[in-house]
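Q: Have a look at the structure that comes next, please.
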Amino acid sequence: MLKKLKHSKIKAITVLSSLFLAIFISVPIICVVTHTTLSALMTSLASEEIQFAIRLSLETAAISTIMCIAISVPAAYALARYDFFGKSVINTILDAPLALPPLVAGVGLLILFGTTSFGKALADAGLVFVFTPYGIVIAQFFVNVPFMLRILRGTFQSINPRYEHVAETLGCTRAQAFWHVTLPMSKNGFLAGSVITWSKGIGEFGAALMLAGATRMKTETLPISVFLNMSCGELDLAIAAATILIIISLISLFAFERYGGFAQVF
Amino acid sequence: MIRIEHLSKDLGEFFLRDITLDIKDGEYFMVLGPTGAGKTILLETIAGIYRADSGRIFLDGQDITDIPPRERNIGMVYQDYTLFPFLTVEENIAFGLKMRKVARSEIKRRVDELANLMGVVHLLHRYPGTLSGGEQQRIAIARALIMEPKVMLLDEPLSALDPQTAERLRQELKNIHSITDTTTTIIHVTHSFEEAFLLGSRMAIMNKGEIVQVGTPNEVFRKPNSEFVAEFLGVGNLFQGESRIDADSGIASIDVGGINIVSATLKSGSVHVSIRPEDILVSTKQIVSSARNSFKGKIAGIVDAGTILKIAVDVGIDTPFVVAITKRSFDELNLKMGREVYITFKASAVHLF
């Protein structure tokens, strides 16, 4: 009896802790969404500035996600399938952006593109990253590529190379075997990776702020919009932007849970 | 014809060392060996998935060592089926022809034909994940056969199946030449001696990346050329004969050329009979027991096999029985060459296949 009581005490304390956490996380979110009236929210959403921020966020995140896929597919394949000199060092370096504060990443990117001859050469060629929307894309790419890479690496690792071997005996080249067999088998990984990279891209603030700055109607993504409008007291606009960010996060969280359960992100 | 000359490949954990083999057109060739002997990588190197470190492979006189798998016309079937899970059975079987850009109507015709021969017509619209192991393996075989390969490589195709399914599929593999045209050469890898014996026209025994013996199953079995082969095959007594089932007593009686062996395994017709040397009792006088088999013979050979002795007992048929006994029993029974003894074993110790 005593034992049971003791056991249920532990149960009560632990369950209460989790309940407290859940409340602590939901309340601020509810606070944001319920702070203004629905009509004020609609008016703000229709404003030119928020419309611009939405469009810029969706576009930059889509482009940086495509860039992440383009480079992660071959890189993740190599890391999953081959043994080569320096592989573990490369693996560690590729994970670094996960641990690095985005603000610091932004400073590094700013110095790279703003002060080095490499950055100047790119600028001369017409690719200006400092204080432009291009900078937002690069910042998102830098911070989020490890997510895509890790998910795809895990996905490729989970696929037995024998599928490709069989495909090769059935008339495929190596590339065709990858395209016709491994890619379709990686569908869930691609979906999970794209959703998480895209939604994190939309929320990216620190690195983008450093490299692309916070210029109204020029490099104003949704998080930048929250920041700018909070700074100058435009609460309704800030909340409109924040609400959209919340909705996007919830959708992506749901999609990731649904399709990415197997993928190893951290 | 496949000719393999001094083939070597090192993949670290698995490796091949100086493999030389000649396999004839239309032959059903077995490769037998323990886990880790390098059997799978031998097949994968023949298929072209791995490049040989050294040595050459010839197919019909053409050197194929350096050409990619898709140009070799060699089919591959793995133990774990490796059917493409995102394609239906029909699309799986059609995969190779689609890669070759064969006309759609022709693909349809060939898929139906092969599905028919492999007995999987009713499964064509299903996905592999919902099928049993036996069904998946038939589809994997059909998917390879549709390419009309010159050589089929089978990597333990029966090992993942339950005994009944394996037995049925083995029968079909035995008749595979009636499905394919008769020149399809088959190389079948297994760790089961029984499979090798029943299917192979010839077999190679592999150990630690090397071929240790090649021959017909009978040759290899009768004359193992090394301790390893003898140990690995380990069956001991093997006979061939005609089996008849006695319905009244519920036992099988096998005539193995002079003597009748009684078995508890019910199987009729032409069979192989095996009895492990440890299951046979030797005595100097006839003993009365429940064991159904007892024969009188003479000791024709004595071999010291370490902790035990193996003695050969000639009972008047072609091959002597091999019996394993401890040294102590050997001394106590005062056995020696030419001495008359009785051997006794139970009907349940007689294995038929």
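The values are calculated or read from the model by the stated rules, or taken from the named source; none is laboratory data. Note that the coordinates shown come from a computational prediction; the quantities given were computed from them, not determined experimentally. Note that we place each Cβ from the backbone using ideal geometry, even for glycine, and neighbour counts take in every protein chain shown. Each accessible area value is taken on the protein alone, full model and side chains, heavy atoms only, with ligands, DNA and RNA left out. Shrake-Rupley method; radii C 1.70, N 1.55, O 1.52, S 1.80 Å.
Q: Please report the buried accessible area for the interface of A with B, total over both chains, probe 1.4 Å, in Å² to the nearest 100.
A: 1800
Q: Quickly work out the A:ALA121-to-B:ASP18 label distance, labels modelled 7 Å from Cα along the C-beta direction, and quote it in nm with one decimal.
A: Using points 7 Å along Cα→Cβ, the separation is 5.4 nm.
Q: Also, quick follow-up: In nm², what is the average projected area of the convex hull enclosing the Cα atoms of the stretch B:257-353?
A: Details: hull surface 25.4 nm².
Mean projected area for the stretch B:257-353: 6.3 nm², to one decimal.
Q: Now, a different point. Heavy-atom accessible area per residue, the stretch B:188-344, 1.4 Å probe: how many Å²?
A: In whole numbers, the stretch B:188-344 has 50 Å² accessible per residue.
Q: Another question, then. Plugging the Kirkwood radius over Cα pairs into Stokes-Einstein for the protein assembly as shown, at a temperature of 20 °C and a viscosity of 1.002 mPa s, what D comes out in µm²/s? Don't skip to the answer; put the middle values down first.
A: Values: Rh = 30.5 Å.
Approximately 70 µm²/s, per Stokes-Einstein.
Q: Using the Cα atoms as the points, what is the convex hull volume per residue of chain A in Å³?
A: Output value, Cα hull per residue: 205 Å³.
Q: When DSSP beta bridges are limited to those with both residues in the protein assembly as shown, what percentage is antiparallel, rounded to the nearest 5?
A: Close to 75 percent.
Q: Another question, then. So in the stretch B:2-229, what percent of DSSP beta bridges are antiparallel if you round to the nearest 5?
A: 50
Q: I would also like to ask the following. Using every pair of alpha-carbon atoms in chain B, split the distances into 10 Å bins beginning at 0 and state the percent of pairs per bin, rounded to integers.
A: Here the calculated profile for chain B is 5, 21, 26, 22, 15, 8, 2, 0.
Q: In degrees from 0 to 90, rounded to the nearest 10, what is the angle of the helix B:133-145 Cα long axis to the longest principal axis of chain B?
A: 60
Q: So, with a 1.4 angstrom probe, what is the percent of accessible area on chain B that is carbon and sulfur?
A: The nonpolar share, carbon plus sulfur, comes to 49 percent.
Q: Next question. With n ≥ 4 as the cut-off for DSSP H runs, can you work out [θ] at 222 nm for chain A, using -39500 (n - 2.57) per run divided by the number of residues, rounded to the nearest 500?
A: On the way: 13 runs with 207 residues, N = 266.
The per-residue figure over chain A is -26000 deg cm²/dmol.
Q: A follow-up question, please. Counting only protein heavy atoms and using a 1.4 Å probe, what share of the accessible area of chain A belongs to carbon plus sulfur, as a whole percent?
A: For chain A, the apolar C and S fraction of the accessible surface comes to 73 percent.
Q: Sticking with this structure for a sec: Taking the Cα centre of the stretch B:124-180 as the origin, how large is its charge dipole in debye, to the nearest 20, when only Lys and Arg (+1) and Asp and Glu (-1) carry charge on their Cβ atoms? If you can, show how the numbers build up before the last one.
A: Numbers: 7 positive and 7 negative charges, 33 e Å.
Computed about the Cα centre, the dipole is about 160 debye.
Q: Under 8 Å for C-alpha pairs, at least 6 residues apart: give me the relative contact order for the stretch A:167-235, rounded to a whole percent.
A: With pairs under 8 Å counted, the relative contact order is 19 percent.
Q: Remind me, relative contact order of the stretch A:37-265 in percent, using alpha carbon pairs under 8 angstrom and six or more residues apart?
A: 32
Q: Could I ask something else about it? One quarter of the convex hull surface, Cα atoms only: what value does that give for the stretch A:105-218 in nm²?
A: Dividing the Cα hull surface by four gives the mean projection, 9.2 nm².
Q: Would you compute, from DSSP H runs of 4+ residues alone, the mean residue ellipticity of chain B at 222 nm, taking -39500 (n - 2.57) per run and dividing by the full residue count, rounded to the nearest 500?
A: Only helices count here, giving -7000 deg cm²/dmol.
Q: Considering Cα pairs under 8 angstrom that are at least six residues apart, work out the relative contact order of the stretch B:71-185 and quote it in whole percent.
A: 40
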